[in-house]
Every structure is written in structure tokens, then in C-alpha cells.
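The values are calculated or read from the model by the stated rules, or taken from the named source; none is laboratory data. The shown structure was predicted, so the numbers you read here are calculated from the model rather than taken from an experiment. Every residue, glycine as well, gets a Cβ built from its backbone with ideal geometry; the counts of neighbours run over all protein chains shown. Side chains included, ligands, DNA and RNA excluded: accessible areas come from the protein's heavy atoms. Shrake-Rupley method; radii C 1.70, N 1.55, O 1.52, S 1.80 Å.
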Amino acid sequence: MAVDGQKICVLGAGIGGLAAATALAARGAKVTVLEQAEAIAEVGAGLQIGPNGFAVMRALGAGDALAACSVHAQGMQLLNGSNSQPVFGLDFQRFAPGQEYYFVHRADLVDVLADAARAAGVNIRLLQQVQDVTLTNAGAKLHMAHGEVIKPNLLIGADGLHSNVRVALNGVRKPFFTRQVAWRTVIPAVGDEPPVAKVYMGAGRHLVVYPLRGGTMLNIVAVQERDEWAAEGWNFEDDPDNLRNVFADFGDEVQALLARVQKVYLWGLFRHPVAEHWHKGRVAILGDAAHPTLPFMAQGAVMALEDAWVLADALDQADSVESGLAAYQDRRHARASKVIEAASKNARNYHLSPGPVRFAAHTALRLGSTLAPSLAMKKFDWIYGHDVTKG
Ligand SMILES: Cc1cc2nc3c(=O)[nH]c(=O)nc-3n(C[C@H](O)[C@H](O)[C@H](O)COP(=O)(O)OP(=O)(O)OC[C@H]3O[C@@H](n4cnc5c(N)ncnc54)[C@H](O)[C@@H]3O)c2cc1C
């Protein structure tokens, strides 16, 4: 069943929704995206797009546009938070020359994707909030906040962590608090910033810094383990002093960065288990709607990009919508689950308390990056070397 000529409704104009819409429209589908927001705008924060995500951007025809507004990453470093001494480092230039790993402002990525979607003929409708989704034999019914009922005959739910489409497919299951919170902020850069992601590690906390927009800005994500999340929503503007206090015992490099923070958002990191059912009949989910992850492998948006490509490809190759959607879940479930597991483990590695376990772990990392750096790079091949656009 080629998707050529099929009418498809995508719910959500986030990273996964826009990528899926573009991939489907490029195969001839007539795609409408429904988005609740009044504008396609994103919070000021950065994202890392690894080579496996960039492969999808390139295949969507948006690779050059993304590269033009991003910083080409040259490596990553793990540092001891208290004294900024290196624990582990990867030099992409040396051990993976030409690796297409980018740091991008989220708003720029969404703009690039929205431009690609419109160029492919996608109709993006804003101020379209879905309140409830019910499955029907013919597809689904979308009960809109403004009272209308829309009946798409093929629905892709790319509506994020609090997805209504996931609930329609899997029943109600509230996201759970992962006992971690993340502050996100962007500060102006001073001087030349190396195109490297730095991770400062401490007991129960870590802080990630990397440059954005030609090195004129620095993105900061700071994570803390915490027992409770008392806020009503899942992110809000916080007092920068709260962030500074939590990292007060980190070294001078971190203090100098945090002294420049003027505005910061705090996120409760919520998850739900990988959904059991990603599709039924003529309805499917992708991205965070199907499998939200902790941000510690920087792969949540990238997994949404991979899903989007595979979904369009699987539908295009199948004999029927149902078999295409089943093939999509088969091709994605194990990989997304494995990446999510790796991200959860990374939190534990970053947050070790001082003592013999941390000493052993850090020594092993230090030796790994000094004695066998190319082997250390290879550890990530299964994530970054995977190119869904190659079939
Ligand atoms: C602190 C932090 C750092 C991160 N860093 C990285 C990183 O470096 N690299 C990376 O790859 N990932 C990262 N991620 C993860 C990444 O942000 C998400 O995995 C990704 O945005 C998921 O994309 P999505 O399209 O599935 O969902 P979303 O981006 O959440 O998009 C969902 C869209 O659906 C719309 N929507 C929702 N409900 C409705 C409704 N009822 N009606 C209409 N529209 C609706 C929303 O408005 C939104 O536009 C990070 C996440 C966090 C919290």
C-alpha cells in the first residue's frame, strides 16, 4: 500500500510530528498536522542531535538547514564537578572524523522541520487542541476543545508525554515522577567556547553545558535527584538562586557559569513505561507519546525522528495500513526500549557519591579514554551508527 494519496492526520507539531508529516507527505500523502499551541514556538533550550538523528534530517531534505543553524560538535567530556578535572573524554574529530553530531537550539530545529513540512505540502493547523480520542472501525474520533469532532481515517499521535492517543490505545496510565528534576537555561557565551559537551558530575547531581548558535550562547541542563515533585504542572520558571544553591559545592568553572544565569525553568522528569500498543486499526503513536525517556543519552528527540522515518517507510512498503503500522512497531520497539534503558543507567553513572564505587568507575573511564579511546567511541556505535534511512 503506497501512502500516495492517503489522507493522514498527525496530532502534534513537535519534533516527531513534523518529521513524520514531512516523511509521509514526501511519499505523496495528504497530511494535516493539528497543534494546540497558537504558534510553533519552543522554550529556549538546546538539544543534541546525534548522527542517527541527523541521518533522518538529511533524508528529509533538512540536513543542510539544520547544520547551518547548529554547532558541529567535536567531542564530549565528563568532569569531576568539584574540581573540573577530566574523568573521560571523546574526541569525535580524532576517532570519528566527519561524525555529524550537532548542538541546536530547540526553536531552530522546530523551525527547520516546519519549513520542510510546509515545503512538502503539509497543512499545519494551529490552535487545535484535542481533548479526547476514541477509536472507531474507520479510524478515530478527535473531540476538539472548540467542540468540533474530527474523524481522520488514519491518525498518527505525536502528542508527547501526556498523549491522548496513547491513552486511547493503552488505557489511562499516569506518567510517574522519576525522582529527578532538570533546570534548563541558555546564557550568553563569553570568549571562544569549544564545540564540546561538558558534563560536570557530583553525588546525586550533574550539569551539562554546550554551545549553541555559532557559539554565541551556552545551553545548560542541570539535573538533581529529588524525592518529590510538588508543582501542579511539569515545568515552571524557577529562582536562579535555587539552581546556584544546589550546585554551590561544584568548582569555579560551574560557579562562573551559574553566576550568569538570569532566567531558568525547572522540569520534573516524568516518564511512563514504553507503551505496549503503538498501533491499533488505523491509529498509531510515536516519539514521547510511545516511549518517553530520561534525557541522559540525549536521544528523546532523536528517537522521535527515527520513529517518524520508519513509520512512513513501513506504511509505504506494506499491503495495508494495519500491517504497515504493525511492521513499524516491530522495527522500533526493541531499539527504543534499549536506548531508554541506557539513558536510565547513565543517570546512575553520573550521580555516584564519592567512595570506592565512584573511584573504580571513574578510574575505569579514565583508563578507557586514555588507553583505548577508539574502543570507548565504539561503545556508542549501536546508538549513533544506526541509520534508519538505510532500510
Ligand atoms: C531537560 C531535557 C533535555 C533534553 N535534551 C534532549 C537532547 O539533547 N536530545 C534529544 O534528542 N532529546 C532531548 N530531550 C527529549 C526531547 O525533548 C523529547 O523526547 C522530544 O521533544 C519528544 O518529541 P515529540 O515530538 O514526541 O513530543 P513533543 O516535543 O512533546 O511534541 C508534542 C506536541 O504535541 C502537541 N500536543 C500535545 N497534546 C496535544 C493536544 N491534546 N492537542 C493538540 N496538540 C497537542 C504539543 O503542543 C507539542 O507541540 C530532552 C528533554 C528534556 C526534558
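Taking 382, 278 and ordering them by how much accessible surface each has at a 1.4 Å probe, largest first, produces 382, 278.
Using only the alpha carbons of region 11-62, what is the convex hull's orientation-averaged projected area in square nanometres?
Working: hull surface 17.1 nm².
Seen from a random direction, the Cα hull of region 11-62 projects 4.3 nm² on average.
With 5 Å bins beginning at zero, the pair-distance distribution over Cα atoms of region 39-190 amounts to 2, 7, 11, 13, 15, 15, 14, 10, 6, 4, 2, 1, 0 %. Distance from the Cα centroid of region 214-263 to that of region 150-185 is 26 Å (rounded to whole angstrom).
Between 40, 49, 285, the GNM of the chain built on Cα springs shorter than 10 angstrom shows 40 fluctuating the most.
Relative contact order, whole percent, for the chain stands at 22, derived from Cα pairs under 8 Å and 6 or more residues apart.
What whole-number distance in Å separates the alpha-carbon centres of region 8-32 and region 286-354? If you average the Cα positions of each part, the centres end up 17 Å apart.
Projecting the Cα atoms of 333, 214, 62 onto the dipole axis of the chain, where Lys and Arg carry +1 and Asp and Glu carry -1 at the beta carbon, places 333 farthest toward the positive end. Each of residue 192 and residue 93 was given a label point 7 Å from its Cα along the Cα-to-Cβ line. The distance between the two points is 1.0 nm. A simple rule links phi to the HN-Hα coupling: the Karplus curve 6.51 cos²θ - 1.76 cosθ + 1.60 with θ = phi - 60°, which for region 179-185 gives 6, 9, 10, 9, 8, 10, 8 Hz, with x for Gly and Pro.
I'd like to compare 12-25, 253-266: which one has the highest average count of other Cβ atoms within 10 Å, and what's the full order after that? Working shown, then result.
Values: 12-25: 29.2, 253-266: 16.1.
Descending packing order for the listed peptides: 12-25, 253-266.
Across region 142-206, the fraction of Cα-Cα pairs farther apart than 16 Å, rounded to a whole number, is 72%. When the residues 106, 213, 94 are ordered by accessible surface, computed with a 1.4 Å probe over the protein chains alone, the sequence from largest down reads 94, 213, 106.
Provide the packing ranking of 182-190, 129-137, i.e. peptides ordered by the mean count of other C-beta atoms within 10 Å per residue, highest first. Walk me through the numbers before you get to the answer.
Details: 182-190: 18.0, 129-137: 14.0.
By packing density, highest mean first, the sequence is 182-190, 129-137.
I'd like the carbon and sulfur percentage of the solvent accessible area for region 196-332, probe radius 1.4 Å, heavy atoms only, ligands and nucleic acids excluded.
Working: 2410 of 5190 Å².
Result for region 196-332: 46 percent of the exposed heavy-atom area is carbon or sulfur.
As I understand it, the dipole of region 222-289 uses +1 on the Cβ of Lys and Arg and -1 on the Cβ of Asp and Glu, about the Cα centre. Which of 246, 279, 230 lies farthest toward its positive end? Value computed over the given set: 279. Once the convex hull of all Cα atoms in region 1-90 is built, its volume per residue stands at 151 Å³.
Hull volume per residue, based on the alpha-carbon atoms of region 176-331 and their convex hull, is 140 Å³.
Can you pull the Kirkwood radius for the chain, inverse mean 1/r over Cα pairs, to one decimal in Å?
On the way: mean 1/r = 0.0463 Å⁻¹.
The Cα-based Kirkwood calculation yields 21.6 Å.
Rounded to the nearest 20 debye, the dipole magnitude of the chain is 720 debye, with +1 charges on Lys and Arg beta carbons, -1 on Asp and Glu beta carbons, and the Cα centre as origin.
Converting the Cα gyration tensor eigenvalues of region 71-146 into ellipsoid dimensions via √(5λ) gives semi-axes, longest first, of 43, 19, 13 Å.
What area, in nm² and to one decimal, does the C-alpha convex hull of region 172-259 cast on average over all directions? Mind dumping the intermediate values first?
On the way: hull surface 28.7 nm².
Computed as one quarter of the Cα hull surface, the answer is 7.2 nm².
Arrange the residues 282, 173, 125 by how much accessible surface each exposes, largest first, with a 1.4 angstrom probe.
Details: 282 50, 173 145, 125 85 Å².
Sorted by accessible area, descending: 173, 125, 282.
Using the scaling law 2.2 N^0.38 Å as the reference, what is the normalised Cα Rg of region 283-351? Please report the intermediate quantities before stating the final value.
On the way: Rg = 13.4 Å, N = 69, 2.2 N^0.38 = 11.0 Å.
Relative to the rule-of-thumb radius for its length, region 283-351 sits at 1.22.
When the Cα positions of 134, 149, 176 are compared along the charge dipole of region 121-184, 176 comes out farthest toward the positive end, with charges on each C-beta of Lys, Arg, Asp and Glu. Only Cα sites of region 130-174 enter the Debye sum here, all with the same form factor; the resulting log10 I(q)/I(0) across q = 0.24 1/Å is -0.85, listed in q order.
Please calculate how many Å² of accessible area the chain carries per residue, with a 1.4 Å probe and no DNA, RNA or ligand atoms counted. Show your work: numbers first, answer last.
Details: 16720 Å² over 391 residues.
Using a 1.4 Å probe on heavy atoms only, each residue of the chain averages 43 Å².
Using alpha carbons only, the radius of gyration of region 44-92 set against its Kirkwood radius gives Rg/Rh = 1.12.
Under a 5 Å amide H cut-off, with hydrogens placed 1.01 Å from N, residue 82 pairs with 251 among residues at least 5 apart or on other chains.
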